[in-house]
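Trainee: Below you'll find the structure I mean.
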């Protein structure tokens, strides 16, 4: 490792500089040490950015929460006492919150724009924070006993070796555990097995929200163990009581995970090539996509998602440079630089059918028109569209504008276009203005697009054999992962072997494809084939 001195993390000052008696103001005057609140500036948007997710604002919680006196001995505190007696020597300036209108009341002039601008600034500031800054901010909110020692090199190496989503989950889980420990008046670093067991039971029972599944509880245990390893503390998750409690929770809750509804090409059919479509199918959703800009984009998105089986984050990361030529002139190949099972970036390749190629060409042609370029050659393919509906033009205003322009032309003036520009209409409807962003779609938007197209297919009568109750269940269960599950089922139904399916969809273990095929295997298995012929 590099021996050059590193500046200490701001959050580490709470561990390294705060004295046992908690008189931060006196120590600051004599030794220059800073109290924990000095490491969080409420006026700084970056310090009020989200901890667990870049989309959630931390401004309200940072202003209301009292930071713990990290380093104080809390063994003498009674249960339920808030272990945060330290008050900052510096006045905390809390920005005035927006007052939301009550139901039935109108927004004040400009209040909605101000609130949206503040949310956008907080989100952008959160996205600009590095993983080390997020880790550093979480440290301030963890109640501790004593002064745990932290290895800076180990922290940097752990964050660099982990994916960004993994680090976000780690910090979110540890922050939730730290807040629970603060409410109970116990330490989170080091944590006692009893505190870990109590937190697991609370999350499993769903107090204050939906109960957590065993997979989520296992992730929480991993987060607690990781933080204790970084601080070189005894891991409470290895205690026999914690292991037995986790085993008991698995027995009580079950380990089955909720699976996304499979979006197969022709629906629930035995032969995905010869039989006609029925039920909810990819064909129905593709027909529901209109011929406007949004419809062409969603058609290409759905088609490529099914052909490649990409996850949402991988789907929105497709760029023009990733489209490669194939031996068949009517098809293409898609280069996948990195996916979930390839964190080291070895890369993979997927096949694009002629249907997807034609849909992609149509969308790229529209995208070129929206960006005012002859041909789109760089950047993300699937981008956000901004659609604005214009009010019908007043005939009297149109006539007045024409008379004014005629007078300006007669007088030799060219001020009409500059003074009264016409909005650019690019949609099919002449009163619709469509613009396109420069950034790729967010992964969360893919699920919303799938749900919107399913609703459109239902409203257009493209799902005639679906009851209203079944539509509600489908609308709730469909997600961006539905196409991955659907093509897996279609591959099994067409007779492909497990090895070929794992290679096509980039799986390293047969566990997930077999789990996706569990229902289909029961239908097409030995018992299903025999019982379906018996009358």
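The values are calculated or read from the model by the stated rules, or taken from the named source; none is laboratory data. Note that this is a predicted model, so its numbers are computed, not measured. Positions of Cβ are generated from backbone atoms using ideal geometry, with glycine treated the same way; all protein chains shown enter the neighbour counts.
Trainee: Could you say which residue among 441, 520 is crowded, with 16+ Cβ neighbours inside 10 Å and touching a strand residue (DSSP E or B) at 6+ places or on another chain (Cβ under 8 Å)?
Mentor: Values: 520 fails: touching a strand residue (DSSP E or B) at 6+ places or on another chain (Cβ under 8 Å).
On inspection, the qualifying residue turns out to be 441.
Trainee: Counting only residues that are within 20 Å of the chain's Cα centre (by Cα) and at pLDDT 90 or above, which one in region 173-214 is surrounded by the fewest Cβ atoms within 10 Å (Cβ to Cβ)?
Mentor: Within region 173-214, the match that is surrounded by the fewest Cβ atoms within 10 Å (Cβ to Cβ) is 176.
Trainee: While we're on this one: Is it true that residue 320 is in the same structural domain as residue 463 (by TED's automatic domain parsing), buried (at least 22 other Cβ atoms within 10 Å of the Cβ) and farther than 24 Å from residue 433 by Cα? Outline the logic, then answer.
Mentor: Working: in the same structural domain as residue 463 (by TED's automatic domain parsing): yes; buried (at least 22 other Cβ atoms within 10 Å of the Cβ): no; farther than 24 Å from residue 433 by Cα: yes.
No; evaluated as a whole, the condition is false for this residue.
Trainee: Just for region 281-299: of the residues that are surrounded by 24 or more Cβ atoms within 10 Å (Cβ to Cβ) and farther than 15 Å from residue 451 by Cβ, which one is nearest to the chain's Cα centre (by Cα)?
Mentor: 297
Trainee: Could you name every one of the strands (runs of 3 or more DSSP E) located completely within region 308-416 that has at least 3 residues being under 31 Å from the mean Cα position of the chain (by Cα)? Explain how you work it out, then say what you get.
Mentor: Details: elements: 323-325, 332-336, 348-352, 383-389.
Correct list: 332-336, 348-352, 383-389.
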